[in-house]
Structure formats: C-alpha cells, structure tokens
Amino acid sequence: MLSRWMSGSSRNLDREYNCTVRLLDDSEYTCTIQRDAKGQYLFDLLCHHLNLLEKDYFGIRFVDPDKQRHWLEFTKSVVKQMRAQPPFTMCFRVKFYPTDPAALKEEITRYLVFLQIKRDLYHGRLLCKTSDAALLAAYILQAEIGDYDPGKHPEGYSSKFQFFPKHSEKLERKIAEIHKSELSGQTPATSELNFLRKAQTLETYGVDPHPCKDVSGNAAFLAFTPFGFVVLQGNKRVHFIKWNEVTKMKFEGKTFYLYVSQKEEKKIVLTYFAPTPEACKHLWKCGIENQAFYKLEKSSQVRTVSSSNLFFKGSRFRYSGRVAKEVMESSAKIKREPPEIHRAGLVPSRSCPSITHGPRLSSVPRTRRRAVHISIMEGLESLRDSAHSTPVRSASHGDAFVAPGRSGRAESSERVAVIADENYSPADSVLPTPVAEHSLELMLLSRQANGAPCSIEEEKESEAGTPAAAEAEEAGGELRALCPGAGGLGVAQAEQVNKFVLSVLRLLLVTVGLLFVLLLLLIVLTESDLDTAFFRDIRQTPEFEQFHYQYFCPLRRWFACKVRAVVSLLIDT
C-alpha cells in the first residue's frame, strides 16, 4: 500500500499540464509544463519563442473562473495560481508600458508594444482627438498594407478596417487621405515607430483602468501609468499623482487606500471601493508593482509590502522583477543581429484581416462581444502634471467621432453625440473594465434615465482555464463626475469606525488565544510528568519553584476545594 501511494504521488508530481498562451498578434503558443513549474519558466519559454530580450515590460495575464483578472506571478507555481481546470489559457500582454516606447533598443520589442497599443486604441483605452486618431490609423494602414496602390486599394478601402470602437465616414476619408498623401514610402518599421511616438504623447497612454467607487458612491476608474496614479471620474480627471508623491498603498476587504504626500507637507488619503475583495487586492498588487518598476532606482530597493499595519492581518506582497532604470541599462548592452519579424498584418489573418475579407473588418479580432448602451462623456482637457482639471464642453462642428444611437430607438429619434476636434480628448470614450453584470445594469439604467443614447461594444477574450471564462479587458463604462458631499463623508466615517471596532475585537481575540496557550503551557509544566530537557531546565529555576509552591499550589488547593463543594451540593440536591 505504501509503495502504491508513493508511486501515485510521484505520478502526480510528474504530471504535465497543457498551456495555451494567446500572443499579441492573436497567434497561439502551446506548451506543456510540470506541476511544480514556476511562472518564470513559462514566461521564459514564451520570450524564447518570440526571440525577445527586452522582456521586462511584458507579462502573462489570466482570468479566474470568477472573471477576475490576474497577472501571473513568476516566483510561484503556475498550477497553484490557476484556479480553473486544465488546459490553461492565458494571454501575453504589455504589463509595464515603456516611458518612451520609441526609445526601445530592438525592433521586435517596438513591434510587440505597437501591437498592444493598437489593441488599446481599438478597445477604447487609448483616446485622442480625431485629427490624432486619423494619423494613428493611417500609420497602422501603412504598416500593414504598405503604400497606397489604386489597383489594390479601391475607394473606401480604409473602411474595411476598424481601428476604433466607432468612427464616422468622415474619419475614414481622413485616414485614407493621410495614408495616400503623407506616408508613402514608409517601411512598416518606420510607420510603427512614428505610431509609438505619437501614442506616447496621448493622455491615456498606458492606462489599464480598474472600476471603483468613491466615498460618495460615484463611479470612478483608477489607473497606474508610467507617470503616476490617475483617477478618472465623469468628464474630468480628478486626480493625477506622481509616483514620488505616493507614500503608501493598502487595502482592507473592498476598500483601497492611497496615501499621498504633496508639497508643503500636505498629506492626503484617497479612499475607493472596489467591486469585490479580489478586485481590490488585484488593484493593490498592480499599484505596488507599478510604483516599484517606475519609481525605484534599483531592484535591491524593493521591499515586501503589507496591506495592513495590524498584527496577524493583511496580505504581503513583493515585486520580484527589475525596475525600469535597470531594464534600460540592460537594453543598452544588447548586441546581436536584429531578429526577423513576421508581421501578421501584412497577410490575411485573424489579427489583421485583408481588405478583401468584406466590409468593416477589424484590425484587431473580436472573439466575443455584446452591445452595451451607455452615454458618451463630454470632453476632457487636462494637463499631465496637474492634479485637477475642468470639464470641456462638447461641440457639434469639426472632425468628430459619431456615436450611433440606441438600436431600440427609431432613426429619427437618435441623438448623435458629436465632439469637436479641438475638444475631443482621452476621457471622451469608454474604458474597458471588469465590471460585474449587476453593477453594469445599474449604471445603464441610470444612463437611460438621463436619455443620452449611445452604444458601444464590449469585447471579452477567453483566457481563463475554461473556454467560457473571459478576460474582462474590453468592457465599457461611463465615467461620472465627482460629487463629494456630507452624506458621503458620514458613510466614510461610519466605515472607519466599523473597521476600528473589528480591529479591536480581532486584537482581543488574539490576546485571549495567547493567554490560553500560556495557561496550557503552565499546566503542562506543573502537572505533567514530562521530563524533557526544556521542561527540566524551566522547573529547576528558582523563580519557577517559588511560583509553584507559593502561588500555584495554594491556588490549585482552593480551586479543588471549590469544585468538591459544588459537586457535593449537586449530589445533595
């Protein structure tokens, strides 16, 4: 029996698991890993497959059965991190956006970052004025189909690609015009480089939004960028905090706290509420990793961070990679022949369809999508280094994105939101977030009551351990304005009181537990016949003997007398 158990255990340890990782060009890499294989092993396999050396900017993302996103931790076992059943499905994505993507050493790295930003543009995370949008889309066209050729590219050829969640025919004509007249002769590498240079200047470059609510219950989106921490609400950016101003991040349950120390010793604590404790923990871990990557000078400065100050409470986490400065220094030392790049967009593929595939094909695939009706936001005009900004009015002239009306309304009653070229800015469109179904329905009902029709599409990429699980990476949501009030402050104070009471009760429980353990140890020392070296040394000390004969023995006799009295009383009755 023992031999069977040992052989079964060895087979279990040697078991292989199939992993499928979806790459940025939507091709798939499949491999098998052992049960105890670390995340670093799988990541190194991917980077070897891609011939990638500047790999610190990238990561592997997966979704658990509860549709919560996670980044694969490289120091832990892959199998233990995956809550779903094998085979495992994950995605290779940019985790830390380069501060200057055009300054990356190798073309293969720039190409992969180009693919990621192209996805961000399509899914509504990288937003811009229509003039900038047309230029970015033209760069993509030039990189993927080359110079304009009247024989191959008929009238309206740019409409066969969908670069944004929604766009107008006027914008399509502008894209084709720039592609024909301004970009002729540019190689794919040059077009991609120009695309990166332009994208890096945009307000929402590197934004990966996390849905939350503020103390007043208003919807907010928190994001970590190469430049700092950003809070978006409604039609404005209400907070932008540089990394050197962030002193601490912690979470308790669904509550996320950000401690800020600004000039003149002004200290601020920002409080937000995530949809679930798991989402809050993911937000906290992302913040810890981003701050360490962009702020620190050396990886040796990384410290283990606790989510709470209380003893016996909270999660502990430590960023395990290199920091941005070390990555740049290491990249400068790369000396090899540039690896060959197989650009999927130059041939018909799922990632970038040919213009002969039919109308309105996407340059980024959509595996599964559903229509979500929400209202489009007003404008946002804010500077990167400002802490607050003021809303910008929408206009009805100039180049604009045109938002289609609700499908359930008659065409005559559709309201089209038109935003002027000079006013369109990063928060005008939707930000993809893993919003829970019930939360999203409540948001939609509130928008419907305001009568502002507009439809956007949400993409969910299946990347969890089962095909039904999806990456909540491309969901849409409207940002609402910040309206702090006395009621919200009261709720926040009540939350703080409740947490303080719970902390005190937890401390009392721990204290009682320690006293109980000490009592058990005392009984063992005084009443048992155990003669180990540890107990013998304690019993032979003068202090213990004095305590035993002067205090413990009288107390034991008194207690035994009381017990006998109670027993005799019970017998008599």
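Quick rundown of the values:
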quantity	calculated
Qualifying positions in the range 260-275 - surrounded by 14 or more Cβ atoms within 10 Å (Cβ to Cβ) and under 21 Å from Asn218 (Cβ atoms)	Val260, Ile268, Leu270, Thr271, Tyr272, Phe273, Ala274, Pro275
Residue check, Ser131 small (Gly, Ala, Ser) and farther than 18 Å from Gln200 by Cβ	no
Residues being more than 22 Å from Arg318 (Cβ to Cβ) and in contact with a strand residue (DSSP E or B) (Cβ under 6 Å, 6 or more places away or on another chain) - total across the range 256-269	5
Residue identified as buried (at least 18 other Cβ atoms within 10 Å of the Cβ) and polar (S, T, N, Q) among Thr89, Thr99	Thr89
Qualifying residue in the range 123-140 (condition: open to solvent by 10 Å² or more (accessible area, probe 1.4 Å), assigned to a helix (DSSP H, G or I) and of a type in the set (Asp, Glu))	yes
Selected residue (only one of Glu289, Glu245, Glu297 is acidic (Asp, Glu), under 21 Å from Gly39 (Cβ atoms) and at pLDDT 85 or above)	Glu289
Top-ranked residue of the range 75-86 - restricted to ones that are touching a residue at least 60 places away in the same chain (Cβ under 8 Å) and among the polar types (S, T, N, Q), ranked as least open to solvent (accessible area, probe 1.4 Å)	Thr75
Among residues of the range 271-290, those that are assigned to a helix (DSSP H, G or I) and over 18 Å from Leu72 (Cα atoms), counted	1
Among the candidates Leu72, Leu52, residue that is open to solvent by less than 30 Å² (accessible area, probe 1.4 Å) and over 19 Å from the mean Cα position of the chain (by Cα)	Leu52
Single residue of the range 315-328 satisfying the filter (closer than 30 Å to Ala219 by Cα and open to solvent by 50 Å² or more (accessible area, probe 1.4 Å)) that is modelled with the lowest pLDDT	Arg316
Some residue of the range 117-133 being under 15 Å from Phe161 (Cα atoms) and over 22 Å from the mean Cα position of the chain (by Cα)	yes
Hey, Pro165 touching a strand residue (DSSP E or B) at 6+ places or on another chain (Cβ under 7 Å) and either open to solvent by 30 Å² or more (accessible area, probe 1.4 Å) or not basic (Lys, Arg) (or both) or not	yes
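The values are calculated or read from the model by the stated rules, or taken from the named source; none is laboratory data. Please read all numbers here as calculations on a predicted model, not as lab measurements. Don't worry about glycine lacking a Cβ; one is built from the backbone with ideal geometry, like all the others, and counts go over all protein chains shown. Accessible surface areas use protein heavy atoms only, side chains included; no ligands, DNA or RNA. Shrake-Rupley method; radii C 1.70, N 1.55, O 1.52, S 1.80 Å.
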